[in-house]
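Participant: Below are the structure tokens for one structure; questions will follow.
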Amino acid sequence: MTATPPLFEIDDLRVSVADKQIVNGLTLSLRPGEVHAIMGPNGSGKSTLANSLMGHPRYTVTGGDVRLQGESVAEMAPDERARAGLFLAFQYPTDIPGVSMINFLRRAMSARRGEEIPVREFRQVLNDVLGRLQMDEQFVRRYVNDGFSGGEKKRAEILQLGLLQPLVAVMDETDSGLDIDALRIVSEGINTFHSDDNAILLITHYQRILRYVQPDHVHVLIGGRIVESGDASLAEVLERDGYEPFMERTSEGVLTS
Amino acid sequence: MTTPASEAPVSPRSEYEFGFHDDVEALVKLPKGLSREVVNTISDIKEEPEWMRKLRLKALDHFNARPMPEWGGDLSDIDFNDIHYYVRATDRDESAWEDVPDYIKDTYDKLGIPEAEKQGLLAGVGAQYDSEVVYHNIREDLEEKGVLFLGTDQALREYPDLVKEYFTTVIPPNDNKFAALNTAVWSGGSFIYVPPGVHVDIPLQAYFRINSEDMGQFERTLIIADEGSQIHYVEGCTAPIYSSDSLHSAVVEIICKAGSNVRYTTIQNWSNNVYNLVTKRATAYRDAVMTWVDGNLGSKLTMKYPAVYLMEPGAHGEVLSIASAGQGQQLDAGAKIVHAAPNTTSVITSKSLSMDGGRSSYRGLLKVYDGADGCRSNVRCDALMLDEHSRSDTYPVMEIDEKKVDIGHEATVSKVGDEQLFYLMARGLSEEEATKMIVNGFVEPIIKSLPLEYAVEMNRLIELQMEGSIG
């Protein structure tokens, strides 16, 4: 391991929702070029973690810090985090009737850049990413997530990932609800995006997406904290034995938090 | 000015850009108050035929006999004795822009009106300043085809028989209290006649401006689309911000003869001290299409329900309505469709926005008479509130006396959702930009039915209104 400084650090993070503590002191560090997978059963705090990293107003950070390129983003509004280079691929993307994808995407890209993106350049980049995701051009004429199938919604998230080129992408159960072909295309989209300069945090229940997107590190999330970390082989252990063997380990951790 | 019409403080939209007024010494300004004498004086000034004078006086009796409506908004602050019923700033209706008095030209320059005509975006332009039409002009080729577009007063002088044949045939003088008032004291408005088969392919526009304080504007518009003709009429309205209230009470009558196609677009942007109480109604005959596009952004209180009476088989009526109410505003808008013949169709699409404590309502009536079988109608009204202290109501009434019909109705009321905001902000859009985008999306189905330049204007006005309310 080289001495590259971390790109993204979650430092003893504690998050509560409606006064209930869900994330209980979670620490994680991603270096440029790394893919980390956080795996956990239902109710382990996966979605709370994902949403709070992006600054959802419903989630209250009660302790710890989140840093992007060494700068704390914990106090930032979601739009500031996005412009700083943080991205969340939503598990359940919201529909916004009447707003076309193409208009939304252009505004989002301009926001990320801090200046208006010229139409011609936008078209070029858009067509390029659409092609890679095997998406029809007509797709962007539709209203944002409005009437999209589950697979289309996830593909639209990956389209945004490809266009916005964030430094850190948090993928919240991107594999859920996808058939095998869609899973392959979405995974390829993530792999194409991935480079030595960015990092990916895959949050997932199942191991199957990890067959397509190779993680450098796998962490087991139970009771709002990481109870085990390892390399890609840890995912296979989980696939074989389930989360059960890890559950016991956590009770004391949760109690002491 | 003696006593203000309303003691309540006016809450001008801080971004309202047309709130200036011109210091004009009016040529003629009748004293405040309403009487037979005032009505007679108006008729005298206009040198009208006797039948019109009688009609006015009869309407005044109807007005006096009728109680104030007690539904919709609060009308109790209107003091009919504290209003100037006739204010004339100039003595001519000009057809050359150069001849319009400079101070009036300045006003319209500030509003950008002559520019649009110069650029050829319009087939004709009319402008009303207080009580009188000050300018009317129409493209020569349309004039040659027999299209008439002039002030209603001028039409009464030049085409008295045509006016007499249709005047009050769609909205009788005793239709409602404010239609009666308009019939008694009407002044100005547009008169349009399109001969059979003539298509006017770009819009005619009229622009209404109230300049004087404590005045009532009572324009009367009459549109006759002869068989197989086509016309699009657009009106815009603004007024200065005064500490007391003005009254705008127009009547618009439209006759869509067989096979004609009429579209009437309003972008209403009165200042927040105007009571806007308007009666608009069209009759549509065999296979005619009538569309009201009604955008309401301004006024203190608006009560307006554009109506289409479908008189013969194959007629189609459509109302697209947007109301956006901000601080201190109540917009009670909607639509009325009457299926009086078999195999007629209609669509009502309404979008109400309320923000910053504003209140908007949809009030609609869909009526199908017994025997009007094979009718189809679809009503959709959506309301969006931008914050907790704004209000939205829907009052959809349906009176269906015929069984063999196909009626669809859908209504939604929602708040700008946290999840929608979070989604857009997670992509880097500021809260303000995200809210605007959600609102633009909400009104999109109506905006996209407007000609491009009006769509741009409508979006701009809504955004302007929102700027004060997003914090």
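Participant: Please enumerate the residues belonging to region A:155-170 that are touching a residue at least 60 places away in the same chain (Cβ under 8 Å) and in a helix (DSSP H, G or I).
Facilitator: A:Ala156, A:Glu157, A:Ile158, A:Gln160, A:Leu161, A:Leu164 - these are the residues of region A:155-170 that are touching a residue at least 60 places away in the same chain (Cβ under 8 Å) and in a helix (DSSP H, G or I).
Participant: Going by the conditions given, is B:Ile348 on the phi < 0 side of the Ramachandran plot and more than 13 Å from chain A (Cβ to nearest Cβ)?
Facilitator: Considered against the rule, which asks whether it is on the phi < 0 side of the Ramachandran plot and more than 13 Å from chain A (Cβ to nearest Cβ), B:Ile348 comes out as yes.
Participant: Being more than 7 Å from chain A (Cβ to nearest Cβ) and either crowded, with 17+ Cβ neighbours inside 10 Å or modelled with pLDDT of 90 or more (or both) is the filter here, so list the residues in region B:412-423 that pass it.
Facilitator: Of everything in region B:412-423, those that are more than 7 Å from chain A (Cβ to nearest Cβ) and either crowded, with 17+ Cβ neighbours inside 10 Å or modelled with pLDDT of 90 or more (or both) turn out to be B:Val416, B:Leu421.
Participant: Here is a further query. Can you pull out every residue in region A:78-89 that is within 7 Å of chain B (Cβ to nearest Cβ) and not aliphatic (A, V, I, L, M)?
Facilitator: Matches in region A:78-89: A:Pro78, A:Asp79, A:Arg83.
Participant: Here's a check for you: in region B:424-435, which residue that is facing another protein chain (nearest Cβ under 8 Å) and part of a helix (DSSP H, G or I) is nearest to A:Gly55 (Cα to Cα)?
Facilitator: Step by step, filter region B:424-435, then rank; the result is B:Met425.
To keep it simple, each residue is scored yes or no on (1) surrounded by fewer than 16 Cβ atoms within 10 Å (Cβ to Cβ); (2) without any contact (Cβ under 8 Å) to a residue 60 or more places away in the chain; (3) within 14 Å of another protein chain (Cβ to nearest Cβ); (4) not in a helix (DSSP H, G or I).
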site: B:Met437; (1), (2), (3), (4): no, yes, yes, no
site: B:Gly441; (1), (2), (3), (4): no, yes, yes, no
site: B:Glu444; (1), (2), (3), (4): no, yes, yes, no
site: B:Glu457; (1), (2), (3), (4): no, no, no, no
site: B:Ile462; (1), (2), (3), (4): no, no, yes, no
site: B:Gln465; (1), (2), (3), (4): no, no, no, no
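Participant: Assess whether A:Phe148 counts as being closer than 21 Å to A:Met171 by Cβ, crowded, with 19+ Cβ neighbours inside 10 Å and hydrophobic (A, V, I, L, M, F, W, C).
Facilitator: For A:Phe148, the condition - closer than 21 Å to A:Met171 by Cβ, crowded, with 19+ Cβ neighbours inside 10 Å and hydrophobic (A, V, I, L, M, F, W, C) - is not met.
Participant: Quick one: count up the residues across region B:328-347 that are in contact with a Pro (Cβ under 9 Å, 6 or more places away or on another chain) and among the aliphatic types (A, V, I, L, M).
Facilitator: Within region B:328-347, residues that are in contact with a Pro (Cβ under 9 Å, 6 or more places away or on another chain) and among the aliphatic types (A, V, I, L, M) number 3.
Participant: Moving to a separate point now. Which numbered condition trips up A:Gly230, out of (1) free of Cβ contacts under 8 Å to residues at least 60 places away in the same chain; (2) surrounded by 20 or more Cβ atoms within 10 Å (Cβ to Cβ); (3) in contact with a strand residue (DSSP E or B) (Cβ under 6 Å, 6 or more places away or on another chain)?
Facilitator: Going through (1) free of Cβ contacts under 8 Å to residues at least 60 places away in the same chain; (2) surrounded by 20 or more Cβ atoms within 10 Å (Cβ to Cβ); (3) in contact with a strand residue (DSSP E or B) (Cβ under 6 Å, 6 or more places away or on another chain) one by one, A:Gly230 breaks only (2).
Participant: Considering A:Glu137, A:Glu121, which residue is in contact with a helix residue (DSSP H, G or I) (Cβ under 8 Å, 6 or more places away or on another chain) and either more than 11 Å from chain B (Cβ to nearest Cβ) or more than 22 Å from A:Asn198 (Cα to Cα) (or both)?
Facilitator: Every option except A:Glu137 fails the conditions.
Participant: When the residues of region B:32-59 are narrowed to those that are modelled with pLDDT of 95 or more and of a type in the set (Lys, Arg), which ends up surrounded by the most Cβ atoms within 10 Å (Cβ to Cβ)?
Facilitator: B:Arg56
Participant: Inspect region A:56-77 for any residue being under 13 Å from A:Leu159 (Cβ atoms), in contact (Cβ under 8 Å) with a residue 40 or more places away in the chain and not hydroxyl-bearing (Ser, Thr, Tyr) and give the result as yes or no.
Facilitator: No, region A:56-77 has no match at all.
Participant: Is there any pair with a first residue in region B:90-109 that is within 16 Å of B:Asn137 (Cβ to Cβ) and charged (D, E, K, R) and a second that is at pLDDT below 70 and not in a helix (DSSP H, G or I) whose Cβ atoms are under 9 Å apart and which are 6 or more apart or on different chains, and what are they?
Facilitator: That search, which allows pairs on different chains as well, returns B:Asp99/B:Arg92.
Participant: Residues of region A:74-116 being closer than 14 Å to B:Gly428 by Cα, aliphatic (A, V, I, L, M) and over 16 Å from the mean Cα position of the chain (by Cα), which ones?
Facilitator: A:Met76, A:Ala77, A:Leu105, A:Ala108, A:Met109, A:Ala111
Participant: Now, a different point. Would you confirm whether or not region A:45-60 contains a residue that is within 13 Å of chain B (Cβ to nearest Cβ), exposed (fewer than 15 other Cβ atoms within 10 Å of the Cβ), under 19 Å from the mean Cα position of the chain (by Cα) and closer than 25 Å to A:Thr27 by Cα?
Facilitator: Yes, because at least one residue in region A:45-60 is within 13 Å of chain B (Cβ to nearest Cβ), exposed (fewer than 15 other Cβ atoms within 10 Å of the Cβ), under 19 Å from the mean Cα position of the chain (by Cα) and closer than 25 Å to A:Thr27 by Cα.
Participant: Considering only residues that are among the polar types (S, T, N, Q) and within 9 Å of chain B (Cβ to nearest Cβ), which ones fall in region A:90-101?
Facilitator: Scanning region A:90-101 gives A:Thr94, A:Ser100.
Participant: Would you check if there is a residue in region B:267-274 being touching an Asp or Glu at 6+ places or on another chain (Cβ under 6 Å) and closer than 20 Å to B:Gln128 by Cβ?
Facilitator: Yes: one or more hits.
Participant: Oh, and also: Can you name every residue in region B:60-90 that is among the small types (Gly, Ala, Ser), out of contact with any Phe, Trp or Tyr (no Cβ under 7 Å at 6 or more places or on another chain) and surrounded by 14 or more Cβ atoms within 10 Å (Cβ to Cβ)?
Facilitator: Across region B:60-90, the qualifying residues are B:Gly72, B:Gly73.
Participant: Something else: Is it true that some residue in region A:160-170 is over 28 Å from A:Ala232 (Cβ atoms) and among the β-branched types (Val, Ile, Thr)?
Facilitator: Our first condition is that a residue be over 28 Å from A:Ala232 (Cβ atoms); within region A:160-170, this holds for A:163.
Pick out the ones that are also among the β-branched types (Val, Ile, Thr) and you get none.
There is no residue in region A:160-170 that is over 28 Å from A:Ala232 (Cβ atoms) and among the β-branched types (Val, Ile, Thr).
Participant: Condition check: more than 14 Å from every other protein chain (Cβ to nearest Cβ), over 13 Å from A:Val170 (Cβ atoms), surrounded by fewer than 16 Cβ atoms within 10 Å (Cβ to Cβ) and out of contact with any Leu (no Cβ under 6 Å at 6 or more places or on another chain). Does A:Glu75 satisfy that?
Facilitator: Yes; evaluated as a whole, the condition is true for this residue.
Participant: If I filter region B:312-335 for residues that are among the charged types (D, E, K, R), over 21 Å from B:Pro69 (Cα atoms) and not in a strand (DSSP E or B), do I get at least one hit?
Facilitator: If we filter region B:312-335 for residues that are among the charged types (D, E, K, R), which is where we start, we get B:312, B:318, B:332.
Still in the list and also over 21 Å from B:Pro69 (Cα atoms): B:312, B:318.
Subsequent filtering for residues that are not in a strand (DSSP E or B) retains B:312.
The answer is yes; a qualifying residue exists.
Participant: In this structure, is B:Thr412 among the polar types (S, T, N, Q) and either in contact (Cβ under 8 Å) with a residue 40 or more places away in the chain or over 24 Å from B:Arg391 (Cβ atoms) (or both)?
Facilitator: no
Participant: Within region A:103-118, is there a residue that is away from chain B (no Cβ under 13 Å) and hydrophobic (A, V, I, L, M, F, W, C)?
Facilitator: no
Participant: Right, here's the next one. Sort out which residues of region B:194-228 are surrounded by 24 or more Cβ atoms within 10 Å (Cβ to Cβ) and free of Cβ contacts under 8 Å to residues at least 40 places away in the same chain, and write them in order of number.
Facilitator: Selection gives nothing.
Participant: With respect to A:Val17, determine if the residue is more than 30 Å from A:Arg211 (Cβ to Cβ) and within 14 Å of another protein chain (Cβ to nearest Cβ). Explain how you work it out, then say what you get.
Facilitator: On the way: more than 30 Å from A:Arg211 (Cβ to Cβ): yes; within 14 Å of another protein chain (Cβ to nearest Cβ): yes.
Here the answer is yes, as A:Val17 does meet what is asked.
Participant: Another one. Has region A:162-169 got at least one residue that is surrounded by fewer than 20 Cβ atoms within 10 Å (Cβ to Cβ), out of contact with any Phe, Trp or Tyr (no Cβ under 8 Å at 6 or more places or on another chain) and not hydrophobic (A, V, I, L, M, F, W, C)? Steps first, please.
Facilitator: Here is the first cut: in region A:162-169, the residues surrounded by fewer than 20 Cβ atoms within 10 Å (Cβ to Cβ) are A:162, A:165, A:167.
So of that shortlist, the ones also out of contact with any Phe, Trp or Tyr (no Cβ under 8 Å at 6 or more places or on another chain) come out as none.
There is no residue in region A:162-169 that is surrounded by fewer than 20 Cβ atoms within 10 Å (Cβ to Cβ), out of contact with any Phe, Trp or Tyr (no Cβ under 8 Å at 6 or more places or on another chain) and not hydrophobic (A, V, I, L, M, F, W, C).
Participant: Please verify whether A:Val186 is closer than 30 Å to A:Pro6 by Cα and more than 12 Å from every other protein chain (Cβ to nearest Cβ), treating the condition exactly as stated.
Facilitator: The answer is yes for A:Val186.
The values are calculated or read from the model by the stated rules, or taken from the named source; none is laboratory data. Because the structure is predicted, anything quoted here is derived from the model rather than measured. We place every Cβ from the backbone using ideal geometry, glycine too, and count neighbours over all the protein chains shown.
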